[in-house]
Structure formats: structure tokens, C-alpha cells
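Below is one structure, written out as C-alpha cells, with a few remarks after it.
The values are calculated or read from the model by the stated rules, or taken from the named source; none is laboratory data. All values derive from a computational prediction rather than experimental measurement. Every residue, glycine among them, receives a Cβ derived from its backbone with ideal geometry; neighbour counts consider all protein chains shown. Calculation scope for accessible area: heavy atoms of the full protein, side chains included, ligands and nucleic acids excluded. Shrake-Rupley method; radii C 1.70, N 1.55, O 1.52, S 1.80 Å.
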Amino acid sequence: MRQIALLIFLVFITGCSKENNTSHASGVFETEDVIVSALTAGEIIKFDVEEGSILKKDIVVGKIDDKQLQLKKLHLQNAVYSAETKLINIETQIAPVAEEVLKYKKEAARFTNLVKSNAANQKQLDDINSAYTAAQKKYSASLDTMQKNNKAIENEINGLKIQIAQIEDNIQKSYIKAPIDGVVLTKYANAFEFAQTGKPLFKMADVSSLILRAYVTADILTQVKLGDKAEIMADFGKESMQKYTGNIIWISDKAEFTPKTIPTRDERSNLVYAVKIQVKNDGYLRKGMYGEVIFDNINAE
């Protein structure tokens, strides 16, 4: 592709110069292509894509069979429900033990007062205190066991929910969507074919603006920078040229050798640099068209 772009140097410097000889570079219009691939494996059960179709970003244009994913999701949801039924209501379960602790606490306080008034002996108070301590230990042990049991079940449920989220993500990936606003350039698959993950399905590009890849000599390169404006003369055939404006969005940092068949503004120069100029498309520009560049901040020789 770059060789083709380089070869148009000759076409425009020798051919289009009959209209003016102020051009600084020539190139070919390109698009930033996006190849849309399958994000999951399965049979393509729907695929409404045709070459030349204009698509909006995120529009669903196809579907990969997700029946097995849906069944697996249902199985995991049932497993979550089953695990949730095993969770213990700690407050309800621990209530009898808590009541026992409270009972012995009150008894200990009562017998303490009775001992002080010589209405009960110390042994009775010691027995009550022992029973109170035992009830507290039982409460702590029961509470700890219940909390650990619930924690284990909650971890199991969280693990199942993570698996469900993964399944749902794969279900979403079964929908084939347009990643950008643009036009379908090439179609690689059809409905009812089997798609492997990563298989290219179609190629599209945003044609609201095109990129003119042109080549400039070193003397021109030193006079342009990113953001500079340029006048573009697009070749519509039969000596018809249409004027557009564009902006430099990229300049190569590496030189390329110019083929011997291509003359340059400076015949001694044998190296050129690639630049990309973004041009707003009025609907008439096409990928592969030729364009001649005149940089605004360079005086014609």
C-alpha cells in the first residue's frame, strides 16, 4: 500500500501540475479500519451485515448461539438459591442461649444481695456464678460456630455469583455489535457458520473523515508540524479536482527511500517522510482516491 502511495508522487507531480505547480506532496486517501471479531465461540444464528451498510455505534447486527451459556447460568442460579437456604438466622438461633445467659446473670446479682443479707450462703452464689460463666462460654461458642457457618456459605454464594457474572459477560459477548459509527467495508462471515473466538466477522471504518497519507521531502518536513492546515486537491478523474482542507495529525519520525522513478522537488533528495492529513468527508471522498497537498505555511516555489 505504501508503494502505491509513493508511486502517486509521479502521477501528481507530472500530471496534476498542469493546473498548478505549487503542490508539496501527494498521497492516497485511507481509512482507519476496524476489524470486528467474534468475542465468543458458537454458531452464528443471526448476522445482518452487508458490505456498504452504514452502522451506528453499539447497534446489534448479529448473534452467536448462547443456549448453553443460558443453561449454565440457570444451573448456577439454582445453586445460589440452594446455598442461601442453608444460611442461619443467627439472632433467632442464638436467642435461647442468650436468654439462659441473661437468666443466670440476674440470678447471680440476686444471690449476691442475698449473701450480703445472710439470706443465702456463698456456695449457692458460687454455683450460680459458675452456671453464669458456663452460659456465657456456650453463647460465645454457639455464636462463633454460627458466624463461621454463615461465612462459609456466603463465600460459596459469592463464588457462584462471580461465575454467573462471567456467564453473563459471555452472553453479552454473544451479541455482535458495531464498535463505531461507520460503513461496512468487507464481510468475512455468514449466518449459520461456526465462529471461533477471535474469528474476523467484518471490517468497517468511520468515513466521516479520511486520512490522506502523503510523502514529503526533508526540506518540506522542516517547515510543517502537527496541527498545521493544508489544502487538498482530490482527484475525481477526467482532470476534475475538488478542493478540501485538512490538518496534519501525524508525522513519521523515520525516512523512507524514494524509488528512482519518482522525482521530487529536490532531485538530489532520495528520502521522504510520511505524513497523515485528516480531511472531513463531504460524502464524495473514497478510500484509495489520490490527493495533492499544498501546506498553508509554505510558499510555493
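A few notes on this one:
- Within the accessible area of segment 158-200 (1.4 Å probe), percent carbon and sulfur: 54 percent
- Nitroxide proxy distance, nm - points 7 Å out along Cα→Cβ at Leu87 and Ser240: 7.1 nm
- Taking the longest Cα principal axis of the chain as reference, the axis of helix 2-14 is set at about 30 degrees.
- Sequence-distant residues sharing a close amide H with Val49 (under 5 Å, placed H): none
- Segments 70-77, 250-257, 271-278 sorted - mean Cβ within 10 Å per residue, highest first: 271-278, 70-77, 250-257
- Among the listed pairs Lys57/Lys161; Lys105/Lys148; Lys173/Lys287; Lys86/Lys137; Lys46/Lys287; Lys67/Lys148, those with a Cα-Cα distance over 32 Å are Lys67/Lys148.
- Only one residue of Leu285, Leu71, Asn113 has its Cα farthest out toward the positive end of the dipole of the chain, where Lys and Arg carry +1 and Asp and Glu -1 on Cβ, and that residue is Asn113.
- 222 nm mean residue ellipticity, helices alone, for the chain (DSSP H n ≥ 4; -39,500 (n - 2.57); rounded to 500): -13500 deg cm²/dmol
- Under 5 Å from the amide H of Asn281 lie the amide H atoms of Ser209, Leu210, each residue being 5 or more positions distant or on a separate chain, with H modelled from the backbone and absent for Pro and chain starts.
- Filtered GluC sites (Glu not before Pro), segment 17-106: DSSP coil and at most 11 other beta carbons within 10 Å: Glu50
- The candidate values are [x] 38.9, 128; [y] 19.7, 67; [z] 44.3, 137; the one derived from this structure for Rg and Dmax of the Cα atoms in Å carries the label [x].
- Under-5 Å amide H pairs with Ile176, H placed in peptide plane, nonlocal only: Val61, Gly62, Lys63, Ile64
- Separation of the Ser208 and Ala41 label points, Cα + 7 Å toward Cβ, nm: 3.8 nm
- Accessible surface area normalised per residue over the chain is 59 Å², counting heavy atoms of protein chains with a 1.4 Å rolling probe.
- Degrees between helix 67-84 axis and first principal axis of the chain (Cα, 0 to 90, nearest 10): 20 degrees
- With a Förster radius of 51 Å applied to the beta-carbon distance between Asn150 and Val115, the computed FRET efficiency rounds to 0.75.
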